[in-house]
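Enquirer: Just dropping this structure here.
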Amino acid sequence: MQQARLREVRWEAEGILAFRLEPPDGGGFPAFTAGAHIDVELGAGLTRSYSLLSDPARRDGYEIAVQLEPGSRGGSRAIHERWRPGDMVSISAPRNHFPLVEDAPHSVLIAGGIGITPMLSMIARLEALGRSWELHYAVRTRARGAFLDRLEPYPSAGVTIDDEPETPRLDLERILASAGDAHVYCCGPQGMLDRYRSLGEGLGERLHYEYFAADTEVARDGGYQLRLAKRGVTLDVDAGESMLDALLNAGVDVGFACSEGICGSCRVAVLDGVPDHRDLFLTEPEKQENRSIMVCCSGSRSPVLTLDL
Ligand code: FES
């Protein structure tokens, strides 16, 4: 973690504040690539990830934007209520689970709501490289449309405003069907991402997506057992620890990255039992099938959960 000074807090749109962070001693922050995010520390062990929306060529500051989630129990609410210009905050070095393929012949960017943030750094990078791109950005109302002014100079940026029927409708099916050899990126709410992933299945590795920063709570109620089928061992998950904690404490080498149910790297197959899904990665049908679980944040609804580990 490193310290950053909150240089600027700006009202960006209804329910959305934008923040500019700068190194406290001048100089520069670590470099980042388009699509990267940082984790911010919010006290009491709480961290949240936010996409960097600034130009990756700039290292004199990072910009993020935070949408106040109605059900927030600490993440976005703590930021909206407490962060003031001049405060010092702890942030991680940038990491990227949503990288841009820089040599693609064309890039199609699709954003819903606050999902516009990683697209802004991608647009800056694509412009710097002189690459061809198009953006499809959907917002519910004009008042909730963040960064509309930044998109104005670009004819290839299309904005759909749900309650303004004269704006073009976001037609995911058509966009994906006409993607040709482009790489396609989507960041938005779960329903949009689920639809995008199912419609775009045929694009294979050219289909990229990122869920919003999670504002869900990691399951730490414990009180259940994990049966690891391959190892033939059973572990207790105690109150206060996550499933991932229990696995790592037992020396089980399970891969993970974001630790908040976004990236998909900790997915494990479930052989028996009912998970308490807390992630944003699995689609709703996948969650209902209960055949896999994101062990970084999810728990168990059954007293015993058998995993393919
Ligand atoms: S580590 Fe990213 S989803 Fe679990």
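The values are calculated or read from the model by the stated rules, or taken from the named source; none is laboratory data. Bear in mind that the values here come from a model prediction, so they are computed numbers and not experimental data. Positions of Cβ are generated from backbone atoms using ideal geometry, with glycine treated the same way; all protein chains shown enter the neighbour counts. SASA here: full protein model, heavy atoms, side chains in, ligands and nucleic acids out. Shrake-Rupley method; radii C 1.70, N 1.55, O 1.52, S 1.80 Å.
Enquirer: Under 7 Å by Cβ, and 6 or more places apart or on different chains, what pairs join a residue from the range 271-300 that is of a type in the set (Asp, Glu) with one that is in a loop (DSSP other than H, G, I, E, B)?
Expert: Asp276/Ala219; Asp276/Ser298; Asp276/Arg301; Asp279/Gly261; Asp279/Cys297; Asp279/Ser298
Enquirer: If Ala239 satisfies every condition in (1) more than 9 Å from the ligand (Cβ to nearest atom); (2) outside any loop (DSSP other than H, G, I, E, B) but one, which is the exception?
Expert: (2)
Enquirer: How about the range 174-206: which of its residues are outside any helix (DSSP H, G or I), in contact (Cβ under 8 Å) with a residue 60 or more places away in the chain and surrounded by 15 or more Cβ atoms within 10 Å (Cβ to Cβ)?
Expert: Selection gives Ala179, Ala182, His183, Val184, Tyr185, Cys186, Cys187, Gly188, Pro189.
Enquirer: Of these, Leu247, Leu207, which one is in contact with an Asp or Glu (Cβ under 9 Å, 6 or more places away or on another chain) and within 16 Å of the ligand (Cβ to nearest atom)?
Expert: Values: Leu207 fails: within 16 Å of the ligand (Cβ to nearest atom).
The unique qualifying residue is Leu247.
Enquirer: Ok, one more. Please report, ordered by residue number, the strands (runs of 3 or more DSSP E) entirely within the range 62-144 with at least 3 residues that are in contact (Cβ under 8 Å) with a residue 60 or more places away in the chain and surrounded by 14 or more Cβ atoms within 10 Å (Cβ to Cβ). Full working, then the answer.
Expert: Details: elements: 62-67, 88-91, 107-112, 133-139.
Result: 88-91, 107-112.
Enquirer: Would you confirm, using the coordinates I've provided, whether Arg10 is basic (Lys, Arg), open to solvent by 10 Å² or more (accessible area, probe 1.4 Å) and touching a residue at least 40 places away in the same chain (Cβ under 8 Å)?
Expert: no
Enquirer: I'd like the residue in the range 255-296 that is of a type in the set (A, V, I, L, M) and within 21 Å of the chain's Cα centre (by Cα) and, out of all such residues, is modelled with the lowest pLDDT.
Expert: Selected residue: Ala257.
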